[in-house]
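Down below is the structure, laid out as structure tokens.
Laboratory data are not the source of any read-out in this text; all were calculated from the coordinates shown. Predicted model, so just to flag it, every value in this text is computed and none were measured. Counting neighbours? That spans all protein chains shown, and the Cβs are built from the backbone with ideal geometry, glycine included.
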Amino acid sequence: MSRTRALAAALHGVERPRRPSALSNALVFAWRAVLKFKHVPEQLFDLVMTPIMFTLLFTFVFGGALAGSTGDYLQFFLPGILVQTVVFNAVYSGMGLSTDLGKGLFDRFRSLPVWPLAPFAGLMVGDMLRHLIAAAIILTIGLILGYRPEEGLVGVLASFALLVAIGFGTGWIFLVLGLLIRTPTTVMTVGFTFLFPVVFASNIMVDPATMPGWLRAFVDINPVSLMTTAMRGLMNGGATVHEIGLALFAPALLTIVLAPTTLWLYMRR
Amino acid sequence: MNDLSPAGKPLFDDTAAQPAISARGLIKHFGAVRAVDGIDLDVPRGMIFAILGPNGAGKTTLMRMLATLSRPDAGTATILGRDLVGEPAEVRALIAMTGQFASLDEDLTGRENLLMLARLWGFRGRAAKARADELLAAFDLADAGHKQVKDYSGGMRRRLDIAASLVVTPGVLFLDEPTTGLDPKARKAVWRMIRGLADAGVTILLTTQYLEEADQLAARIAVIDHGRKIAEGTSRELKAQTGSGFLHVALADRERLDEAARFLEARFASPVQTSVEGAQLSVKAGSAQTANEAIAALIEAGIEPSDFSMGQPSLDEVFFALTGQGVESDPVVEDER
């Protein structure tokens, strides 16, 4: 009986609060993303292991041959591996979204009177935090191995700001894939199939000077190359406004095109 | 029914005269299949209304449309006077839905799930925490509040899922198969919660494939099959449509079920419904006397009943009479029963 009373009490006398703002909605979803770090800390392991392996292997196995010395190669490679980390990590958020959708969690969110884009804004905030944490870990390892950002702290902060922008733009691709593809592992397969050529056919690992002409033509306009060039400039010195503008072009375009697409796909489901 | 708010002021003033749900000719296609094929529905306020049907009958599709999650291809509906298609945001503010699969974040704790929803509804700081704790207590989850949902049992999950729909007391609560997959004890606990909600004045539309569930909970039942409503009424009315005087026989030897069924079918010239798992037979027998004679004849033929009774038809028999076939239950679900 007391249970019935508790139930009645929980239903009666509930003042309907005023409808919160879109920003407040988004912050709740951001809080959810932060809680995920607390409850699933192992996700960070997935995010940083691959880039750490890449850094170690490329520096010590290929570095000397590619750049004359491992130290010189690390100096060249580290800003690029940060771009790769962020771009690859975006795949995981697409997988997370696909998982959430499969479980019906988003049905609950959709039947609530909240700003429809709020759940995605929350996912994005979580992604940005993941990108920053992963990048900080990799930079730390780079520093231990002997990497020195010539532009100092200001350069590092500026490069991390650019990384966040890159992650934000790239994130939309995988939110769209997460909405379109039902199984999380397929999201991963599709994501990496598309990303591997784009990431490897860039200037992250090697100077494209020795590539065949047709490939160099692609590498030169590959957004990943443009991002890497700007990252190098910001961290190692010599960044121009023009380079940063080029690096931001793809993220901006992706956001303009894919944010409305995401919303449309989500509302249409 | 309208005294949901503390001041005795009705919660939904402008809609007081409106039925909870009024739908006309709802249609939803998936490719060439008409999942919902022209359904009308009228649900008065404060009622528990059940939509009963086998798997694939269109129950979930119908409910998702009414909960604004899926757009009808044709037809109109209002929820507490608000137009489903024209005013989805207004409808969403008045309803809550608990889907067939727990819509919870498994990585978070039960309390964090409720806290998240309380904040999305606009509760702030301490008020949100108080609301989460109040709901946990009401749904017998206070001790489990700090456990991650992935460690919850099926019954706990279901209760949390329903609690999550009640952060703000909804005008209409949609429950899609609220007890599918639960053990009998957990099912009873969920039923108790649902009755409690109805007593508090919440209109509840639930779908179920369990005839017993509709019988136990709902004031009115709509039976749907292949996307169409084939009958509607109170449990008593539906049973009356089938007639009374049903003989239920359980057999000592389940191997002889078919034989017994043929025997009774011939005797009463009426279809016999069998349930293999309980070695049970049901048939319309008319009077107690003819039933008595049939049992005697059955024993004479060497088929031993372990138990028999006269009674109203079960909803199984009603469904059988309405559709000419039994309820095709999901075998997985059957196993869990």
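Label positions at B:GLU293 and B:GLN241, each projected 7 Å from the Cα along the C-beta direction, are separated by 3.1 nm. Mean residue ellipticity, 222 nm, helices only, chain A: the sum of -39500 (n - 2.57) across DSSP H runs of n ≥ 4, divided by residue count and rounded to 500, is -26500 deg cm²/dmol.
Take each residue of peptide B:130-139, count the partner chain Cβ atoms within 10 Å of its Cβ, and average: the result is 3.
Determine the dipole magnitude for chain B: charges of +1 sit on the beta-carbon of Lys and Arg, -1 on that of Asp and Glu, nothing else is charged, the reference point is the Cα centre, and the result goes in debye to the nearest 20.
Details: 37 positive and 47 negative charges, 263 e Å.
The dipole magnitude comes to about 1260 debye.
Straight-line cross-link partners of B:LYS129 among the aspartates and glutamates, defined as a Cα under 18 Å from its Cα and at least 8 positions apart when in the same chain: A:GLU15, B:ASP105, B:GLU112, B:ASP140, B:ASP143, B:ASP161.
Per residue, the Cα convex hull of the protein assembly as shown amounts to 199 Å³.
Using Cα-Cα distances under 8 Å and only pairs 6 or more residues apart, what relative contact order does chain A have, in percent? Relative contact order comes out at 25 percent.
Among B:GLU259, B:GLU90, a tally of other beta-carbon atoms within 10 Å of each Cβ gives an order, fewest to most, of B:GLU259, B:GLU90.
Not counting the cut sites, what is the longest span of chain A without GluC sites (Glu not before Pro) that DSSP labels loop and that have at most 10 other Cβ atoms within 10 Å? Counting at most 10 other Cβ atoms within 10 Å as exposed, the longest clean stretch of chain A is A:151-269. Only one residue of B:GLY201, A:GLY233, B:LEU257 has its Cα farthest out toward the positive end of the dipole of the protein assembly as shown, where Lys and Arg carry +1 and Asp and Glu -1 on Cβ, and that residue is A:GLY233. With the convex hull of the Cα atoms taken as the outline of the range B:245-311, the averaged projected area works out to 3.7 nm². The calculated 222 nm mean residue ellipticity attributable to helices in chain B amounts to -11000 deg cm²/dmol, summing -39500 (n - 2.57) over DSSP H runs of n ≥ 4 and dividing by all residues.
Below 8 Å between Cα atoms, with a sequence gap of 6+, how large is the relative contact order for chain B in percent?
Values: 625 pairs, mean separation 63.7, N = 337.
Across chain B, relative contact order equals 19 percent.
Taking amide H as placed 1.01 Å from N in the peptide plane, the amide H of B:ARG228 sits under 5 Å from that of B:ASP37, each at least 5 places away or on another chain. Would you mind getting me the FRET efficiency between B:LYS147 and B:ASP183? Use the beta-carbon distance for r and R0 = 25 Å, nearest 0.05. Given R0 = 25 Å and the Cβ-Cβ separation, E is 0.80. For the listed residue pairs B:LYS59/B:LYS284; A:LYS36/B:LYS150; B:LYS28/B:LYS188; A:LYS36/B:LYS185, the alpha carbons are over 24 angstrom apart in B:LYS59/B:LYS284; B:LYS28/B:LYS188; A:LYS36/B:LYS185.
Magnitude of the charge dipole for the range B:68-154, about its Cα centre and with charges confined to Cβ atoms of Lys, Arg (+1) and Asp, Glu (-1), is about 320 debye.
Averaged over A:163-170, how many beta carbons belonging to a partner chain fall within 10 Å of each residue's beta carbon? Could you put the intermediate results ahead of the total?
Numbers: counts 0, 0, 0, 0, 0, 0, 0, 0.
Mean partner-chain Cβ count within 10 Å for A:163-170: 0.
The slack in the chain from A:ASP207 to A:MET267, taken as 0.36 nm per residue of separation less the alpha-carbon distance, amounts to 17.2 nm.
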